[in-house]
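Engineer: Mind looking over this structure? Questions follow.
Just so it is clear, none of the values below were taken in a lab; they were calculated from the coordinates. These numbers were taken from a predicted model, which means no experiment stands behind them. Cβ atoms come from the backbone with ideal geometry, glycine included; neighbour counts cover every protein chain shown.
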Number of protein chains: 2
Amino acid sequence: MPRSTYRLPKIPEMTIRRLSVYTRCLLQLEEDGVATISSQELAERFNLNSAQVRKDLAYFGEFGVRGIGYHVTGLKAELQRILGLDREWPVALVGLGNLGSALFHYKGFTRQGFRIAVVFDDDPAKIGREIDGVPIVGTQDLAREVRARQLEIAIVAVPAEAAQTVTDQLVAAGIKAVLNFAPARLRVPREARLKNVDLSIELETLSFYLAQGNR
Amino acid sequence: MPRSTYRLPKIPEMTIRRLSVYTRCLLQLEEDGVATISSQELAERFNLNSAQVRKDLAYFGEFGVRGIGYHVTGLKAELQRILGLDREWPVALVGLGNLGSALFHYKGFTRQGFRIAVVFDDDPAKIGREIDGVPIVGTQDLAREVRARQLEIAIVAVPAEAAQTVTDQLVAAGIKAVLNFAPARLRVPREARLKNVDLSIELETLSFYLAQGNR
């Protein structure tokens, strides 16, 4: 399989999201013992768009083999490498309230190689303790811990009013990518990446369809 | 403002997601006292693509006024109506573990008109109690409660192995839209809508950029 050529500025974020979806489909195929699959079969089986699959993959190289299709295991490995999933990412989690606790226990992160290495919280009752072997550290020691552990990714699950302060501290300490669950409009400097998760948008795509159906 | 004509099969889901984003931007503009805005200004201020904005809105009607742009309050109200956000949606939450509790307290849902009306759980220690005034009901009474409350939307936050059974029960009882947080591949009949939330995909878009940067 050829090495990929990256033309980053041209790759839409939706393409990257779909690479994640394709990786999951390929994992499923691998579990089912499927060795090769055409883009048409892949699309039909997982309710994807075959032209979109080919277009998305074309950003990164020529993966299909004429008359055969894609090699399931090879393509999966290649997509994992492109997505940075061929390694483990230690992650900082900030905030251990309801949402933070849920994210800490969310199995999907671990499965994809994201390991929460340290938890930051302000609650004196939690600081200094451990959760499943992971230390809970006060936010006053955030910068020191992030630097010592050379962390690059952080998940922010603090109340909205604390989110910007925490994010500023994270980025100043060397965090390059922030996944924010706080319902706050955050700013990060150009060298860092920010991804906001707004869970209500997911519900709104559903209410859209219900609203249409009820008219 | 003209009534919208809906051509549902042609509207990409990403367009619907972006309508949610535009609605949030318009709310912000309204709070800031902005009465009208052009698609260019809207795009610049919120880091959107102005051609995309115009194309997305064009699915639903002609909202801009030549030389003026969009009326902020009018467009916001119209988008809320299209998204079904001009009403309250009572929602069933299934599963009150870590993630379920976090979703129960997630303020973003309430803010957009999604009100958790009943919680289902299997834990005898929780059944019959209330959480913030909302009843916690055993899953054996799921069908009865969903019917009695005429619920159409459910959030599934149970372990993966229980997700399909619960979803089947929900749909059989009349639920038309399921937001699934369980890491399981679920099936619903054609008349119901299913939306899977995979939080690790959000992290993967970040690790993609970090992986590219580190090469």
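Engineer: In a GNM of chain A with a 10 Å cut-off on Cα contacts, which of A:Asn47, A:Asn196, A:Asn180 has the highest mean-square fluctuation?
Structural biologist: Comparing A:Asn47, A:Asn196, A:Asn180 in the GNM, the peak value goes to A:Asn47.
Engineer: I need the calculated FRET efficiency for the pair B:Arg185 and A:Ala148, taking r as the beta carbon distance and R₀ as 45 Å, to the nearest 0.05. Write out the running numbers ahead of the final one.
Structural biologist: Numbers: r = 40 Å, r/R0 = 0.88.
Computed FRET efficiency for B:Arg185 and A:Ala148: 0.70.
Engineer: By its C-alpha gyration tensor, with a ≥ b ≥ c as the square roots of the eigenvalues, how is the protein assembly as shown shaped: rounded for a/c under 1.5, else prolate for a/b larger than b/c, else oblate? List each step's numbers first, then the result.
Structural biologist: Details: a/c = 1.14, a/b = 1.05, b/c = 1.09.
It comes out rounded by the Cα gyration axes.
Engineer: Please state the charge dipole magnitude for the protein assembly as shown, taken about the Cα centre, from unit charges on C-beta atoms (+1 on K and R, -1 on D and E), reported in debye and rounded to the nearest 20. Show your work: numbers first, answer last.
Structural biologist: On the way: 56 positive and 50 negative charges, 281 e Å.
Charge dipole, the protein assembly as shown, about its Cα centre: 1360 debye, nearest 20.
Engineer: Please compute the average number of Cβ atoms from other chains found within 10 Å of each residue's Cβ in peptide A:107-115. Don't skip to the answer; put the middle values down first.
Structural biologist: Numbers: counts 5, 10, 4, 1, 2, 7, 4, 6, 0.
For this peptide, the per-residue mean of nearby foreign Cβ atoms is 4.
Engineer: What is the magnitude of the charge dipole of segment B:89-200 about its Cα centre, with +1 placed on the Cβ of each Lys and Arg, -1 on the Cβ of each Asp and Glu, and no other charges, expressed in debye to the nearest 20?
Structural biologist: Working: 14 positive and 12 negative charges, 92 e Å.
Dipole size: approximately 440 debye.
Engineer: Ok, one more. Quick one: label points 7 angstrom along Cα→Cβ at B:Thr165, distances to the other copies in nm, smallest first?
Structural biologist: Those label-point separations list as 4.6 nm.
Engineer: Let me ask something else. So if we plug the beta-carbon distance of B:Glu88 and B:Asn49 into 1/(1 + (r/R0)^6) with R0 = 41 Å, what FRET efficiency do we get, rounded to 0.05? Please list the in-between numbers first.
Structural biologist: Details: r = 32 Å, r/R0 = 0.79.
The value I calculate is 0.80.
Engineer: Roughly how tilted is helix A:160-172, in degrees to the nearest 10 and between 0 and 90, from the longest Cα axis of chain A?
Structural biologist: So the helix axis and the longest Cα principal axis differ by about 80 degrees.
Engineer: I'd like the FRET efficiency for A:Ile68 and A:Met14, computed as 1/(1 + (r/R0)^6) with the beta carbon distance as r and R0 of 22 Å, rounded to 0.05.
Structural biologist: Details: r = 28 Å, r/R0 = 1.25.
The calculated FRET efficiency here is 0.20.
Engineer: With the dipole of the protein assembly as shown worked out from charges on the C-beta (+1 for Lys and Arg, -1 for Asp and Glu) around the Cα centre, which of A:Val197, A:Phe60, A:Ala125 lies farthest toward the positive end?
Structural biologist: The one lying farthest along the dipole's positive direction is A:Phe60.
Engineer: If you draw the axis that swings chain B onto chain A, which residue of B has its Cβ closest to it, and how far is that in whole Å?
Structural biologist: Residue and rounded Å distance to the axis: B:Ala102, 2.
Engineer: Which distance in Å, rounded to a whole number, links the C-alpha centroids of segment B:8-35 and segment B:109-146?
Structural biologist: 31
Engineer: OK, next. Label segment A:89-200 by shape, choosing from rounded, prolate and oblate, from the square roots a ≥ b ≥ c of the eigenvalues of the Cα gyration tensor; if a/c is under 1.5 it is rounded, and otherwise prolate applies when a/b is larger than b/c, oblate when it is not.
Structural biologist: Working: a/c = 1.24, a/b = 1.16, b/c = 1.07.
The shape class here is rounded.
Engineer: Anything over 32 Å Cα to Cα? Flag those among B:Lys55/B:Lys195; B:Lys126/B:Lys176; A:Lys107/B:Lys55; A:Lys126/B:Lys126; B:Lys76/B:Lys126, in the order listed.
Structural biologist: Working: B:Lys55/B:Lys195 24 Å; B:Lys126/B:Lys176 26 Å; A:Lys107/B:Lys55 38 Å; A:Lys126/B:Lys126 25 Å; B:Lys76/B:Lys126 40 Å.
Flagged as over cut-off: A:Lys107/B:Lys55; B:Lys76/B:Lys126.
Engineer: Something else now. Highest GNM mean-square fluctuation, chain B, Cα pairs closer than 10 Å: which of B:Phe60, B:Phe46, B:Phe181?
Structural biologist: Looking only at B:Phe60, B:Phe46, B:Phe181, the largest GNM fluctuation is found for B:Phe46.
Engineer: Would you mind listing the distances between the A:Arg129 label point and the same position in each other copy? Use 7 Å along Cα-to-C-beta, nm, one decimal, shortest first.
Structural biologist: For A:Arg129, the other copies' label points sit at 1.7 nm, shortest first.
Engineer: Among DSSP bridges having both ends in the protein assembly as shown, what percentage is antiparallel? Round to the nearest 5. Mind showing how you got there, number by number?
Structural biologist: Details: 10 of 52 bridges.
So the antiparallel bridges in the protein assembly as shown amount to around 20 percent.
Engineer: Quick check on segment A:23-165: of the DSSP beta bridges with both residues there, what percent are antiparallel, nearest 5%? Numbers along the way, then the final one.
Structural biologist: Details: 5 of 18 bridges.
Around 30 percent antiparallel, to the nearest 5.
Engineer: From the Cα gyration tensor of chain B, with a ≥ b ≥ c the square roots of its eigenvalues, which class applies: rounded if a/c is under 1.5, or else prolate if a/b is larger than b/c, or else oblate? List each step's numbers first, then the result.
Structural biologist: Values: a/c = 2.10, a/b = 1.66, b/c = 1.26.
The shape class here is prolate.
Engineer: Then there is this: Suppose you put the label 7 Å out from Cα in the Cβ direction; list, shortest first and in nm with one decimal, how far A:Ser50 is from each other copy's label.
Structural biologist: Nearest first, the other copies' label points are 4.0 nm away.
Engineer: Which residue fluctuates most in the GNM of chain B (Cα springs below 10 Å): B:Gly67, B:Gly138, B:Gly174?
Structural biologist: The residue with the greatest mean-square fluctuation here is B:Gly67.
Engineer: Helix-only mean residue ellipticity at 222 nm, chain A, DSSP H runs n ≥ 4 weighted -39,500 (n - 2.57), per residue, nearest 500. What is it? Write out the running numbers ahead of the final one.
Structural biologist: Numbers: 9 runs with 96 residues, N = 215.
Taken over chain A, the calculation gives -13500 deg cm²/dmol.
Engineer: In addition: Quick one: dipole size for segment A:8-82, taken about the Cα centre, charges +1 on Lys/Arg Cβ and -1 on Asp/Glu Cβ, in debye to the nearest 20. Display every interim value, and only then the final one.
Structural biologist: Working: 10 positive and 9 negative charges, 56 e Å.
Here segment A:8-82 has a charge dipole of around 280 debye.
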